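Participant: Encoded as structure tokens, here's the structure I'll be asking about.
Computed from the coordinates by the stated procedures, all read-outs in this text should not be read as laboratory data. Being a predicted model, the structure only gives us computed values, none of them experimental.
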Amino acid sequence: MEDIFENTAIPPERLALENLEVFPFDLLYNIIKDYKISICFDMGHWGLNGFMPEEFFERFDAEKIREIHIQGMTEERQGLRTFIRREHQSLDKGILNAGYFFNYLLNINFKGSLIIENRSKAELIESLEFLKRNYFL
């Protein structure tokens with residue numbers, strides 16, 4: 001990180017680390033604090049680990065979150081103990097309760113960017129309709 005800041009004119013807060021489902025964000029959070037960089041929160045990656053989106057804001061510094069990747073996530077059972085979670089679904093689908101999360105963002109006065117992550121044009125249209133129907137657009 002020092003090399004980036006020493007050799008470029010990029011202000012630290014313009015860089016963001018994204019949470020990933022395969023790496024504990026607690027370990028990255030020290031880098032964010034030490035270098036004063038921002039957070040890109042991916043609600044699907046967080047949800048793959050069984051957490052609800054607002055828990056991320058309560059656990060880490062919400063002021064450092066500059067961008068959120070938003071999506072729905074479905075869960076299906078396969079066998080006795082296996083659950084398959086699918087991210088990048090339309091916002092009106094699944095277990096992440098997007099409507100509640102958007103109200104949460106409004107209540108905390110979130111000012112960052114929201115990036116809709118869907119895998120198809122049809123899912124993107126469903127997501128936009130969900131946002132309009134619930135008065136978020």
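Participant: Return the calculated 222 nm mean residue ellipticity for the chain, to the nearest 500 deg cm²/dmol, obtained by summing -39500 (n - 2.57) across DSSP H runs with n ≥ 4 and dividing by the residue count. Spell out each step's value before the answer.
Facilitator: Numbers: 6 runs with 53 residues, N = 137.
Rounded to the nearest 500, the figure is -11000 deg cm²/dmol.
Participant: So between ARG59 and ILE4, what do we pick up on full extension, going 0.36 nm a residue minus the alpha carbon distance? Mind showing how you got there, number by number?
Facilitator: Numbers: separation 55, 0.36 × 55 = 19.80 nm, distance 2.75 nm.
Going from the current span to full extension adds 17.0 nm.
Participant: Less than 16 Å apart at the alpha-carbon level, and either on another chain or at least 8 residues along: which lysines does that give for LYS93?
Facilitator: In chain and number order, the partners are LYS121, LYS132.
Participant: Give me the Debye-computed log₁₀ of I(q)/I(0) at q = 0.15, 0.22, 0.27 Å⁻¹ for region 48-113, equal point scatterers on Cα only, no solvent, two decimals.
Facilitator: For region 48-113, the Cα-only Debye profile gives -0.53, -0.97, -1.27.
Participant: Looking at the chain from every direction and averaging, what is the projected area of its Cα convex hull in nm²? Kindly include the intermediate steps, with their values, before the conclusion.
Facilitator: Working: hull surface 38.7 nm².
Convex hull of Cα atoms, orientation-averaged projection: 9.7 nm².
Participant: If you fit an axis through the alpha-carbon atoms of helix 121-133 and take the longest principal axis of the Cα set of the chain, what angle between them do you get, 0 to 90°, nearest 10?
Facilitator: 90
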